[in-house]
Each structure stands twice: as structure tokens, then as C-alpha cells.
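Step one of this worksheet: look at the structure below.
Bear in mind that the values in this text are calculations on the coordinates, not laboratory data. Here the structure is a predicted model, which is why all the values come from computation and not from measurement. Cβ: placed from backbone, ideal geometry, glycine included. Neighbour counts: every protein chain shown.
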Amino acid sequence: MTTPSTPSGHLFNVDQLQVKLFKNRQELGQDAARVVADRIKEISGKQDFVNIIFASAPSQNEFLEALAQESGIDWRRVRAFHMDEYMGLPADAPQSFGQYLKQRLFDKLPIKEVFYIDGNAADLQQECRRYSALLEQYPTDMVCLGIGENCHIAFNDPHVADFNDPVLVKMVELDLTSRQQQVHDACFESLNQVPEYALTLTIPALVRAPYLFCMVPARHKAEAIYHTLMDPISEKYPATILRSHLGATLFIDEDSAAIFLEKRSR
């Protein structure tokens, strides 16, 4: 593993995963937006539409703000998806993941189509099948994601994560760490307000995309980044799957990289 310095940050690889380290979350978000924008433009030059899955979390704030300001993207040729949604939360609730993306990205741009997961569907199994069919109809070109405090990607917490999941979308019960993270992120005032169940895209639904761009700033993600980069690849730490993907890039800052850098230097 080497860590050469580049104008856009420190760049190194862990297994197949490319890692870019930045001084702070602002620099991280700006660079990630530039990289994603360039990839959207490149794909647009080869095909009619670009299909993108987006994450919803405060860790994505700087990235999404910068991406919305990138020039030269024909958003009329982009189809957008999101990767998870609470069950039973009103669609217009500020904590709704679809609402989060609607406010920060989808309403700001002339995106061709946005496909929302309905966590209030009368038949939630049918909703999983409906969204799965859309993912099959419009194969994903790239995923913009984060990593949870317990190393989840989407809502694939360790106890439900399956690298060989036979479905693309499923219902899950959230573990305590995931629910507490929503309080840490100030999305909810208290744990008892955080829903216990959600619909999520599975790990195979995410990693089958040719390109994965993972933005993870902040000190409270430092343990997750350490486990992601240093532990064996397994469902115990779901984000470790990124290290086996040929088109994945992880963007971290000095805060989220703190434990990894400290232990690697020993």
C-alpha cells in the first residue's frame, strides 16, 4: 500500500478499492462531485441515459451541494434512484430519505426521472418487487453512497447483510447502532422517534454497478473506516465489500481516517 500525494489529495489503494484522503469534508465533497460529474459526462457520451443511485445522509451534504453546481451535465438524460427508505414515515417528513434528496438535488435539477421508494405502500413486498423491476429495467451505471457507523451500506446492517442476496430490494429491521446514528446525525431528537424498519437495496443491487463513489467524512465514522479498510472482507463489516470492486472509490477526510492512519503508522 502506498500513499503518494496528488493535487486533489492523498491517493492509495486497499485491495481493489481506490481511496482518496482530504483535509476536510468540504474538499472531499468538492472533489467527489467533480469526479462523479466527469463520470456522468463520460457515460453520457456513450449511451442515451445515465442511471444513478444516491444515498441520503448528512455525510452526503457537501458532495450533493457541489454536484448540483457542476456544469456541463445534461441532467435531462439522468434517471435517479435512492437506496433506502424508512417504513411508516410520512413521505414528506424531513427525515425521509426521498425527501432529503428531493430538497438537496432532485428539485434543483431537470432530471429526466426520479424513482422513489414508497415506505408507506399498502403491500411492502410488492413495493420491493416494483422497485427491483425498475432497477432491472434501468441497469445502474453508478452508485453514490456512504458508510454507516456499523459499516452498513444502504441499510444492510451486519445482521442482515448478504453479499449473495438473491433479491435486489428487501425489508429489514434496523439494528440499534443504525438507529442511534440517526440521532447522532441530528436527524431525530431521540431514539424512540427513529423507525425500526426500512426498505433497502441489497448489497448485490449496489455492487453490480460499474462505478461506486463512496463519501465518508467526519470523526464519528473513523471506526467504520478503519474496519472497512483493515478487517477481512465479510458481512461482519458490510462496507468491506468495496475492496473487491474494480470501480470503487472511497473519499475520506482526516477526521474519518483518524483511527486508520494512527494504527497503520504503528
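A few remarks follow.
- The chain, helix-only ellipticity at 222 nm - DSSP H runs n ≥ 4, -39,500 (n - 2.57), divided by all residues, nearest 500: -9000 deg cm²/dmol
- Here the residues Phe97, Phe163, ranked from fewest to most Cβ neighbours within 10 Å of their Cβ, fall in the order Phe163, Phe97.
- Taking label positions 7 Å along the Cα-Cβ direction at both Asp231 and Gln137, the computed distance is 3.8 nm, reported to one decimal.
- Residue exposure proxy: Arg219, Arg104, ordered by other Cβ atoms within 10 angstrom of their Cβ from fewest to most, comes out as Arg219, Arg104.
- Most fluctuating residue given options Val35, Val160, Val216, as computed from a GNM of the chain linking Cα atoms under 10 Å: Val35
- Summed over all non-identical Cα pairs, the Kirkwood treatment of the chain gives a radius of 18.5 Å.
- Fluctuation leader among Ala91, Ala133, Ala224 - the chain, Gaussian network, Cα springs under 10 angstrom: Ala133
- Pairs of Lys residues in the range 19-234 are counted when their Cα atoms are under 23 angstrom apart and they lie 8 or more places apart or on different chains; the count is 9.
- The GNM of the chain, with springs linking C-alpha atoms under 10 angstrom apart, assigns the highest mean-square fluctuation among Gly29, Gly119, Gly45 to Gly45.
- Counted residue by residue at 0.36 nm each, then reduced by the alpha carbon distance between them, the extension gain from Asn24 to Glu42 reaches 3.7 nm.
- Size of charge dipole - the chain - debye, nearest 20, with Cβ of Lys, Arg +1 and Asp, Glu -1, no other charges: 720 debye
- Where GluC sites (Glu not before Pro) fall in DSSP loop in the range 152-207, at most 12 other Cβ within 10 Å: Glu189
- Under 5 Å between amide hydrogens, built in the peptide plane, is the criterion, and for Asp157 it picks out nothing among residues at least 5 positions away or on other chains.
- Long hydrophobic helices in the chain: the complete DSSP H runs spanning 15 Å or more by Cα along their own axis with mean Kyte-Doolittle hydropathy of at least -1.0 are 25-44, 124-137.
- Prolate/oblate/rounded call for the range 193-266, Cα gyration tensor, a/c under 1.5 rounded: oblate
- Rg to Rh quotient for the range 149-223, alpha carbon positions, Kirkwood Rh: 0.98
- Extreme residue, positive dipole direction of the range 19-234, given options Ile43, Gly98, Leu28 (C-beta unit charges): Ile43
- Taking the fewest neighbouring Cβ atoms within 10 Å as the starting point, the ordered list for Phe188, Phe213 is Phe188, Phe213.
- Backbone amide hydrogens, once placed in the peptide plane, bring Val78 within less than 5 Å of Val50, Lys112, Glu113, excluding anything fewer than 5 places away on its chain.
- Length gained when the stretch Phe12-Ala68 is fully extended (0.36 nm per residue, less Cα-Cα span): 17.4 nm
- Peptides ranked, highest mean first, by Cβ atoms within 10 Å: ranges 249-258, 13-22: 249-258, 13-22
- Computed label-point distance, nm, for sites Lys108 and Asn61 using a 7 Å Cα→Cβ extension: 1.3 nm
- Extending 7 Å from the Cα toward the beta-carbon at both Glu189 and Asp123 defines two label points whose distance is 3.9 nm.
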